[in-house]
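Data first, discussion second: the structure below is written as structure tokens.
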Amino acid sequence: MLVEPKLERPVLIQGLPGLGYVGKIAVNYLVDELKPLRFAELYSTYLILADGSTGIQIKEDGTYFLPKLEFYAYNQDKPNIIFLTGDTQPSTTGQYEVAANVLDLAQKYGCGRIIAVGGFQTPVEREVGQVYAVSNRPDLWDEFEEMGVNMTRSGAITGACGVILGLADQRKLDSVGLLGATRGEYPDMHAAKGTVQVLSRMLGLKVDLKKMDKEIEEMRSKLESLRRIQAEAYRQVKKEMEKRPFYV
């Protein structure tokens, strides 16, 4: 614990690295905009580097840090919120233990609802940005439909996002998974924006999305430039191949 926050029956919102980085981007954006209090950190032998090894992560300025999860407390509005984010997911063998510790901390403050944010793989470009949901509360579907959220009817939610939903259900906590539709090919700001909008409506948050819109446009511009470069490179290679003699 870094400090002892004042919280009244908070909602826990988890967003960790995963498909398209949707959950992490969404929760980090809310943290940046709402400026909640960082009150706790979680370290574990199950929190490892992206390549699967243990060690420290080096920053651009030459400093470093151990992989960790961070907890932020927001009590400016009702409901109060605990935001959980981090730079890594727990390893497969430790996801149950880490999720259990996260829930223990959340329930210490009377948490009654868990919202896990992640990505939903789609091959269809026009679906990117739509939000899908799962829940152990069937009575919430009318509310979700009013917000334009689609029901997820099949498949699986893997990793920390799925595990915390499963353990929360066992503890009789209201549990919701919000999944932004993404191609999963890059940090997907567009998919993350969809989940931020739904979270804002669900919890009555006033969040300015101008910065996110700007980042989406910058990302789109970079991707379009990359596609043009790749297309031109392909044309040049094809032209060179056509000039060469062909033997059988």
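The values are calculated or read from the model by the stated rules, or taken from the named source; none is laboratory data. Every value quoted in this text rests on a predicted model; they were computed, and no experiment measured them. Ideal geometry is used to build each Cβ from the backbone, glycine not excepted, and the neighbour counts take in all protein chains shown.
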Can you find a residue that is surrounded by 11 or more Cβ atoms within 10 Å (Cβ to Cβ) and modelled with pLDDT under 70 anywhere in the range 200-219? yes
Which of the numbered conditions does Gln107 fail, given that it passes all the others? Conditions: (1) within 26 Å of Gln57 (Cβ to Cβ); (2) assigned to a helix (DSSP H, G or I); (3) not β-branched (Val, Ile, Thr). (1)
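If we scan the range 144-157, do we find a residue that is within 28 Å of Gln76 (Cα to Cα) and either at pLDDT below 85 or among the aromatic types (Phe, Trp, Tyr) (or both)? Show your work before the answer.
Pass one, the range 144-157, residues within 28 Å of Gln76 (Cα to Cα): 144-149.
Filter again for either at pLDDT below 85 or among the aromatic types (Phe, Trp, Tyr) (or both), leaving 144.
There is at least one residue in the range 144-157 that is within 28 Å of Gln76 (Cα to Cα) and either at pLDDT below 85 or among the aromatic types (Phe, Trp, Tyr) (or both).
Residue by residue, here is whether (1) surrounded by fewer than 20 Cβ atoms within 10 Å (Cβ to Cβ); (2) modelled with pLDDT under 95 holds:
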{"site": "Glu8", "(1), (2)": "yes, no"}
{"site": "Pro17", "(1), (2)": "no, yes"}
{"site": "Tyr21", "(1), (2)": "no, yes"}
{"site": "Phe39", "(1), (2)": "yes, no"}
{"site": "Ile48", "(1), (2)": "yes, yes"}
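Every residue in the range 57-87 that is part of a strand (DSSP E or B) and either surrounded by 15 or more Cβ atoms within 10 Å (Cβ to Cβ) or outside the structural domain of Gly20 (by TED's automatic domain parsing) (or both), please.
Looking only at the range 57-87, we keep the residues that are part of a strand (DSSP E or B), and these are 57-58, 64-65, 69-74, 81-86.
Listed by number, the residues that qualify are Leu69, Glu70, Phe71, Tyr72, Ala73, Tyr74, Ile81, Ile82, Phe83, Leu84, Thr85, Gly86.
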Using beta carbons and a limit of 7 Å, which pairs, at least six apart or on different chains, have the first residue in the range 153-171 and farther than 15 Å from Arg113 by Cβ and the second one among the hydrophobic types (A, V, I, L, M, F, W, C) and part of a helix (DSSP H, G or I)? Ile157/Leu165; Ala160/Ala99; Val163/Ala99
For the range 117-158, what are the residues that are farther than 19 Å from Val11 by Cβ and among the small types (Gly, Ala, Ser)? Gly119, Gly129, Gly148, Ser154, Gly155, Ala156
When residues of the range 39-72 are filtered for being within 26 Å of Lys206 (Cβ to Cβ) and over 18 Å from the mean Cα position of the chain (by Cα), how many remain? 2
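Counting just the residues of the range 54-92 that are of a type in the set (Lys, Arg) and modelled with pLDDT under 95, which one comes out farthest from Leu103 (Cα to Cα)? Outline the logic, then answer.
Going residue by residue through the range 54-92, those that are of a type in the set (Lys, Arg) are 59, 68, 78.
Retained after the next criterion (residues that are modelled with pLDDT under 95): 59, 78.
Values: Lys59: 30, Lys78: 20 Å.
The selected residue is Lys59.
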Scanning the range 135-173 for residues that are of a type in the set (Gly, Ala, Ser) and out of contact with any strand residue (DSSP E or B) (no Cβ under 9 Å at 6 or more places or on another chain), the one farthest from Cys111 (Cα to Cα) turns out to be Ser154
